[in-house]
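These notes concern the structure reproduced below.
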Amino acid sequence: MPLKGQSLTWLIALFLLSVAGAVQAGERTPIKAIYIPVADHYAGIVAYEKYRNEMQYADYQIERMKSWPLLRAYFETGEVDLAFVMGPLAMDMFLEQENFRWVGLMHRDGNALAINDKLNVDVRLHLDRSRRKPDPAVAKALVKAKEETGRPVLVGVPHLKATHTVVLYKYLKEQNLRLGLDSSAATDVMAIQVAPLKSPSFLRKNNGRGIGAAFEQSLPWADVVETQGYGHVAWYSKDVLIWPPYGHVECIIVATDAAIASKRKAVHEVIDYIHRAGQDLEEARSKSGPAMEAISKMIRHHIPEHNEEAIAQSLRTDLNVINYRHLNVDKAGLRQIMDLAVEGGIIKEPINIDDFADDTFASRIKQQ
């Protein structure tokens, strides 16, 4: 049946708009960012879902990595422009090759210790998560578990050169316990690399064997194991690695020198929108209801392993255990991480943070 004049006019208009959009996208500069499925990187996902079509300079693309070693290896090929990376890992990479810079933060605070049922028999965590603090109870349970097996208790971390390892080191040091990073040293607790996606099965497997075990991972993985009934959130990193008033540095945004030199406007635009997405996350969690449901849907589109309840628990405003505010370069905050990482043998030596940081990419989004 032939189309009437008005219908044909609408079809032509829609076609022209789609062509114009395609031309505009083609003129934009590709900016590819790589990430890990953790709450640390939610702002990068929300920026992609909400704002990629609004960007004037950047054709913003994201790709999920299965593990931190894969993310590091891919970034080092030079085939991507941005990576969302843990501070100590980024500093270790910079020690090897100074061909990228730190251009912003992804979030503050945001990781937690989860213990399995075997350890919680002795810890007896409070039902109210806000009352779970890094007190001696977990340390005592770790000592008891070591005495029972004659071996150090295994604690999974996403990477040995992780902020999570720094947090674990600081807690254990304050409890007069030793953290080992390899099997060559006498130690109370042994950190082993467990990819975030595999951390729930790590806890579940040790539960089945009746062996005390734990992991220190980014949110919401500790909440995932608690909401699914085979682990418990023992405490949050913000109560161990205290950095007032905004919260400790964790994952940062790094950009290749090549991208900074040839794609500056596009890189800056992506950083601006990531920070805007951080504000959206903060607003949604404060309102809850439909606003939080919409954010959760965006996240689960890319990370279906994060159940809605775990996302909601991680973003609770009363706990405030991760935040997406004040995301510009924070040199003093990173120095806190670096000093502890060097002291604990997590990275071999300090870097020059002034050389590493490029604060000319400070977000134009008003800080909350």
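The values are calculated or read from the model by the stated rules, or taken from the named source; none is laboratory data. This one's a predicted model, so the numbers in the text were calculated from it and none came from an experiment. All Cβ positions, even for glycine, are placed from backbone atoms using ideal geometry, and neighbour counts span all protein chains on display.
Does segment 186-198 contain at least one residue that is polar (S, T, N, Q) and without any contact (Cβ under 8 Å) to a residue 24 or more places away in the chain?
Checked against the condition, which is being polar (S, T, N, Q) and without any contact (Cβ under 8 Å) to a residue 24 or more places away in the chain, segment 186-198 yields no hits at all.
Kindly evaluate residue 212 against the criterion of being touching a strand residue (DSSP E or B) at 6+ places or on another chain (Cβ under 7 Å), touching a residue at least 60 places away in the same chain (Cβ under 8 Å) and on the phi > 0 side of the Ramachandran plot.
Against the criterion (touching a strand residue (DSSP E or B) at 6+ places or on another chain (Cβ under 7 Å), touching a residue at least 60 places away in the same chain (Cβ under 8 Å) and on the phi > 0 side of the Ramachandran plot), residue 212 does not qualify.
Of these, 308, 282, which one is touching a helix residue (DSSP H, G or I) at 6+ places or on another chain (Cβ under 6 Å), closer than 25 Å to residue 233 by Cβ and acidic (Asp, Glu)?
It is 308.
If residue 346 passes every condition in (1) free of Cβ contacts under 8 Å to residues at least 40 places away in the same chain; (2) closer than 16 Å to residue 248 by Cβ but one, which one does it miss?
(1)
Here is a check on your reading of the model: is residue 165 more than 15 Å from residue 235 (Cα to Cα) and among the polar types (S, T, N, Q)? Steps first, please.
On the way: more than 15 Å from residue 235 (Cα to Cα): no; among the polar types (S, T, N, Q): yes.
When the stated conditions are applied, residue 165 does not pass them.
Just to verify a result, which residue in segment 33-55, among those that are crowded, with 21+ Cβ neighbours inside 10 Å and hydroxyl-bearing (Ser, Thr, Tyr), is farthest from residue 276 (Cα to Cα)?
This residue is 35.
If you scan segment 105-125, which residues turn out to be over 26 Å from the mean Cα position of the chain (by Cα) and in a loop (DSSP other than H, G, I, E, B)?
124
Can you list the strands (runs of 3 or more DSSP E) lying wholly within segment 152-239 that have 2 or more residues being among the aromatic types (Phe, Trp, Tyr) and either in contact with an Asp or Glu (Cβ under 8 Å, 6 or more places away or on another chain) or within 26 Å of residue 309 (Cβ to Cβ) (or both)?
Because the criterion is at least 2 residues that are among the aromatic types (Phe, Trp, Tyr) and either in contact with an Asp or Glu (Cβ under 8 Å, 6 or more places away or on another chain) or within 26 Å of residue 309 (Cβ to Cβ) (or both), the strands (runs of 3 or more DSSP E) in segment 152-239 that meet it are 232-236.
Only one of 328, 323 is farther than 23 Å from residue 263 by Cα and either of a type outside the set (Gly, Ala, Ser) or touching an Asp or Glu at 6+ places or on another chain (Cβ under 9 Å) (or both); which?
Checking each option against the conditions leaves just 323.
Could you tell me how many of the residues in segment 221-242 are touching a helix residue (DSSP H, G or I) at 6+ places or on another chain (Cβ under 6 Å), within 22 Å of residue 252 (Cα to Cα) and modelled with pLDDT under 95?
1
For segment 114-157, name all the residues that are among the basic types (Lys, Arg) and either surrounded by fewer than 18 Cβ atoms within 10 Å (Cβ to Cβ) or in contact with a Pro (Cβ under 7 Å, 6 or more places away or on another chain) (or both).
Our first condition is that a residue be among the basic types (Lys, Arg); within segment 114-157, this holds for 118, 124, 129, 131-133, 140, 144, 146, 151.
Within segment 114-157, 124, 131, 133, 140, 144, 146, 151 meet the criteria.
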